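Participant: I have a structure here, written as structure tokens, and I will follow up with some questions on it.
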Amino acid sequence: MSNIYKAFENKKAFIPFVTGGDPDLETTKNLLIAMEKAGADLIEIGIPFSDPIAEGPVIQEASQRALAAGCTTDKLFDMVKEARQRVKIPMVFMTYINPVYTYGKERFMKRCVECGIDGIIVPDLPYEEKEELSGVCESYGIDLISLIAPTSHERIRMIAKEAKGFVYCVSSLGVTGVRSEIKTDVAKMVEMVKEVNDIPAAIGFGISTPEQAKKMASVSDGAIVGSAIVKIVAKYGKECIPEVEKYVKEMKAAVEI
Amino acid sequence: MSKGRFGEYGGQYIPETLMPAVQEVEEAYNKYSKDPEFIAELDDLLKNYAGRPSLLYEAKKMTEDLGGAKIYLKREDLNHTGAHKINNVLGQVLLAKKMGKTRVIAETGAGQHGVATATAAALMGLECEIFMGKEDTDRQALNVFRMELLGAKVHAVTSGTMTLKDAVNETMREWSKRMDDTLYVLGSVMGPHPFPTIVRDFQKIIGEEIKEQLIEKEGRLPDAVIACVGGGSNAIGTFYEFIPDKEVVLIGCEAAGLGIDTPKHAATIAKGSTGIFHGMKSLFCQDEYGQIAPVYSISAGLDYPGIGPEHAMLAKEGRAQYVSITDEEAVNAFEYLSRTEGIIPAIESSHAVAYAMKLAPTMDKDKIIVITISGRGDKDVAAIARYRGVDIYE
């Protein structure tokens, strides 16, 4: 078991996402430090991929910017290792199966351990394919985070039963991105998770306002926010640190109430 | 290990949101592919709407000119809508209708699959939206208008490299937004299970007809069958029936673009490595970090950085051979077949013709080669003219 459970101990978690290397790795490193300071409980770091099929335009563009700026998986590992000297909260990678597979699954996990990464989220690795990584993750103590979606229905129990770290509840159909309204009965999804496994469940996709975060956290163990933060990074570039810090503070306060 | 494996390749590497949709397709396919009524309806459409069986034409002038093996052309270009794509699309759109779907979406490269999907949707009364890379909507402007004429809505995809792979990304994203009433009609033997199997089953009629027609004409099997490979649907359709016939050499022709030793090619088997993308484990053109490479070919239909998982398996087992053909060789073959036989092949199919032009002279006159002409070349005339320096647009 990794340290991920600590993010949820006696509190509602606020989980920000940033795309690694956007606009550059130095800024990402400073963002990790600043977001912890602002109250983040767990951080998701996106390893940019050329073809992120589960992402909306905001994170797609961030991935393109990061790759164009020369971010590679190796450089990202090096940066996270440096950041780990300062950042104490759990950190997980979010990426697609191909960057992990092509890097070498074993080699990838070994480096995750070196850098203090606690878990990995792979949106294109559904339950039926999780054996691709579950064995190697287990042997390195990296939690392979499972996702459940509004379409999962009876699959939720099957997935949650074997889930590690926390369960990522996808709030809406489609891809990542800010939404004005979340219509799915996410409370029901979380309930089904808890029926079969005593594991934290956090909700992501579409959350951007403190009101939404508060509402989502009230029916789960935490709120995950990606596109809204990546948008701030896109707007302010290297000057984004204080803006993101301010936003994370506000969101953390919202989920705590 | 999940379902839908071809050796180590294949699988279902897709977001959880889409898993139930893909499983619904699988269940429906398993049911209807054995349903006599479905089979009869599809047979009727293939015969009376698409014009099957397509001709197996003896290319006497080409045979004589090349001076080696006897050459037959499997004329998929004569199908309604001008390419083999209609075989698969009639099957999948009929399946969509049986499943109670009211809308189909599809990716397209050259536009042939998009046109075929729009055609079948018009015929069967379904709403249709097509995703096509912006670069391809420019290269194949006439096909865009053709799809619109058929009542489809065409989205020009501006993400990534703005070509076929990005069109697939965008169609998958769209499907994950709306799947209750929508079926993704995949155009090639790629993507997550069950698509590589479904598309192959709907395309295997090509090889089945070749076998029957050639036995009737020559009383024997061919020595080699040749087809072009992008995702690989006309090639697998050509090969599948012959896989157990070990004496038949199966040859797939990939796009070498400006040459496989340049960065501008789409030769997945020659230059790619194993990866996991677009729902499948297969071979892909990619860098050391698993970033999918921007590929290039003069042919929009072969301009894809991956290949269907069954081809990856056939290549690994050595059951099929894969060769690469440059733009220049393909354009020469395009012009050669036009002049020699009065048949203008698609630039995709011209890759297969180009390899046959090299192979036939090395074979004895009592040998037989079948080339699948997967589509007609009308759509490519303006692009070929531009390649030759004549500045005309459609």
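Participant: Placing unit charges on C-beta atoms (Lys and Arg positive, Asp and Glu negative, everything else neutral), compute the dipole magnitude of the protein assembly as shown about its Cα centre in debye, rounded to 20.
Facilitator: On the way: 75 positive and 93 negative charges, 173 e Å.
It comes to approximately 840 debye.
Participant: Compute for chains B and A the buried accessible surface, both sides summed, probe 1.4 Å, and express it in Å² to the nearest 100. Please list the in-between numbers first.
Facilitator: Working: alone 14920 and 11150 Å², together 23090 Å².
Answer for the B-A pair: about 3000 Å² buried.
Participant: Quick one: if you stick a label point 7 Å off each Cα along the C-beta vector at residue A:11 and residue B:287, how many nm between them?
Facilitator: Taking the simple label geometry, residue A:11 and residue B:287 are separated by 3.8 nm.
Participant: Check each of the trypsin sites (Lys or Arg not before Pro) in the range B:50-91 and keep only those in coil by DSSP with at most 11 other C-beta atoms within 10 angstrom; list them in order. Show your work: numbers first, answer last.
Facilitator: On the way: sites: B:60, B:61, B:70, B:74, B:75, B:85; in loops: none.
Here no trypsin sites (Lys or Arg not before Pro) fit, given the DSSP loop and packing criteria.
Participant: Further question: What nm distance separates the two modelled labels at residue A:198 and residue A:37, each placed 7 Å from Cα along Cα→Cβ?
Facilitator: 3.8 nm
Participant: Whole percent per 5 Å bin, from 0 to the bin with the longest distance: what is P(r) over all C-alpha pairs of the range A:28-109?
Facilitator: With 5 Å bins starting at 0, P(r) equals 3, 13, 24, 23, 21, 13, 2, 0.
Participant: Efficiency by 1/(1 + (r/R0)^6): what FRET value for residue B:180 and residue B:365, r their Cβ-Cβ distance, R0 = 41 Å, to the nearest 0.05? Before the final figure, lay out each step's value.
Facilitator: Numbers: r = 59 Å, r/R0 = 1.44.
Working from the Cβ atoms, E equals 0.10.
Participant: Taking only Cα atoms, what is the 0 to 90° angle, nearest 10, from helix B:347-359's long axis to the longest principal axis of chain B?
Facilitator: 30 degrees
Participant: Could you work out the local net charge near residue B:109, counting Lys and Arg as +1, Asp and Glu as -1, over the other residues with Cβ closer than 12 Å to its Cβ?
Facilitator: Charge balance near residue B:109 sits at -2.
Participant: So, one more: Looking at the range A:150-212, which GluC sites (Glu not before Pro) are DSSP coil and have at most 10 other C-beta atoms within 10 Å of their C-beta?
Facilitator: Loop-located and lightly packed - A:154, A:181.
Participant: Would you compute, from DSSP H runs of 4+ residues alone, the mean residue ellipticity of chain B at 222 nm, taking -39500 (n - 2.57) per run and dividing by the full residue count, rounded to the nearest 500?
Facilitator: Rounded to the nearest 500, it is -12500 deg cm²/dmol.
Participant: Follow-up. Can you give me the P(r) profile for the range B:143-295? Cα pairs, bins 10 angstrom wide beginning at 0, each as a whole percent.
Facilitator: With a bin width of 10 Å, the distribution comes to 10, 30, 34, 20, 6, 0.
Participant: Quick one: of A:29/A:75; B:204/B:367; A:130/A:214; A:161/B:177; B:31/B:246; B:47/B:85, which pairs are farther than 20 Å apart, Cα to Cα?
Facilitator: The pairs that break the limit, which is 20 Å between Cα atoms, are B:204/B:367; A:130/A:214; A:161/B:177; B:31/B:246.
Participant: Shifting gears a bit: Could you give me D for the range A:3-256, from Stokes-Einstein at 37 °C and 0.692 mPa s, where the hydrodynamic radius is the Kirkwood radius over C-alpha pairs? Units µm² s⁻¹, please.
Facilitator: Approximately 185 µm²/s, per Stokes-Einstein.
Participant: Rounded, prolate or oblate: which one fits the range B:205-364, using the alpha carbon gyration tensor with axes a ≥ b ≥ c (rounded when a/c is under 1.5, else prolate when a/b beats b/c, else oblate)?
Facilitator: oblate
Participant: Please report, in debye to the nearest 20, how large the charge dipole of the range A:3-256 is about its Cα centre when each Lys and Arg carries +1 at its beta carbon and each Asp and Glu carries -1 there.
Facilitator: Computed about the Cα centre, the dipole is about 540 debye.
Participant: Using the Karplus curve 6.51 cos²θ - 1.76 cosθ + 1.60 with θ = phi - 60°, what ³J(HN,Hα) values do you get for each residue of the range A:187-194, in whole Hz, with x for Gly and Pro?
Facilitator: 4, 5, 4, 5, 4, 5, 4, 5
Participant: Classify the protein assembly as shown as rounded, prolate or oblate, taking a ≥ b ≥ c as the square roots of the eigenvalues of its Cα gyration tensor: rounded when a/c is under 1.5, otherwise prolate if a/b is larger than b/c and oblate if not. Don't skip to the end; give the middle numbers.
Facilitator: Values: a/c = 2.17, a/b = 1.92, b/c = 1.13.
It is prolate, given that a/c is not under 1.5 and a/b is the larger ratio.
Participant: Peptides B:27-34, A:88-95: what's the order by average Cβ count within 10 Å, highest mean first?
Facilitator: Those peptides, ordered most packed to least, come out A:88-95, B:27-34.
Participant: Per residue of the range A:44-59, in order, report the coupling 6.51 cos²θ - 1.76 cosθ + 1.60 (Karplus, θ = phi - 60°) as ³J(HN,Hα) in whole Hz, putting x for Gly and Pro.
Facilitator: Coupling constants for the range A:44-59: 9, 10, x, 8, x, 10, 4, 9, x, 6, 9, 9, x, x, 4, 7 Hz.
Participant: Something else about it: Select from the range B:280-302 all residues whose loss of accessible area on going from the chain by itself to the full protein assembly reaches 10 Å² or more (probe 1.4 Å).
Facilitator: In the range B:280-302, residues shielded by partner chains: B:281, B:286, B:288, B:289, B:290, B:291, B:292.
Participant: Let me ask something else. Taking Cα atoms, how many degrees apart are the long axis of helix B:112-124 and the longest axis of chain B, rounded to 10 and kept between 0 and 90?
Facilitator: Helix B:112-124 sits at roughly 50 degrees to that axis.
Participant: Whenever you get a sec, compute what percent of the accessible area on the range A:3-256 sits on carbon and sulfur atoms (1.4 Å probe).
Facilitator: After summing per-atom areas, the C and S share lands at 50 percent.
Participant: Could you tell me which of rounded, prolate or oblate describes the range B:43-189, using a ≥ b ≥ c as the square roots of the eigenvalues of the alpha-carbon gyration tensor, with rounded for a/c under 1.5 and, failing that, prolate when a/b is larger than b/c and oblate otherwise? Spell out each step's value before the answer.
Facilitator: On the way: a/c = 2.49, a/b = 1.53, b/c = 1.63.
It comes out oblate by the Cα gyration axes.
Participant: Let me ask something else. With axes computed from alpha carbons, what is the tilt in degrees of helix B:19-32 against the longest principal axis of chain B, rounded to the nearest 10 within 0 to 90?
Facilitator: 60 degrees
Participant: Here is a further query. May I ask you to list the residues of the range B:350-365 whose amide nitrogen lies under 19 Å from a point 7 Å from Cα along the Cα→beta-carbon direction of residue B:381?
Facilitator: B:350
Participant: Tell me which trypsin sites (Lys or Arg not before Pro) from the range B:124-182 have a DSSP coil assignment and no more than 16 other beta carbons within 10 Å of their own.
Facilitator: Passing both the DSSP loop test and the Cβ count: B:178.
Participant: Based on DSSP H runs of at least 4 residues, each adding -39500 (n - 2.57), what is the mean residue ellipticity at 222 nm of chain A after dividing by all its residues, to the nearest 500 deg cm²/dmol?
Facilitator: Computed ellipticity for chain A at 222 nm equals -14000 deg cm²/dmol.
Participant: Mean separation of Cα pairs under 8 Å and 6+ residues apart, divided by the residue count of chain A: what relative contact order is that in percent?
Facilitator: 25 percent
Participant: While we're here: What is the mean number of Cβ atoms from other protein chains located within 10 Å of the Cβ atom of each residue in peptide A:54-60, rounded to a whole number? Spell out each step's value before the answer.
Facilitator: Details: counts 9, 3, 2, 3, 0, 0, 4.
For this peptide, the per-residue mean of nearby foreign Cβ atoms is 3.
The values are calculated or read from the model by the stated rules, or taken from the named source; none is laboratory data. These figures come from a predicted structure and were not determined experimentally. We place every Cβ from the backbone using ideal geometry, glycine too, and count neighbours over all the protein chains shown. Calculation scope for accessible area: heavy atoms of the full protein, side chains included, ligands and nucleic acids excluded. Shrake-Rupley method; radii C 1.70, N 1.55, O 1.52, S 1.80 Å.
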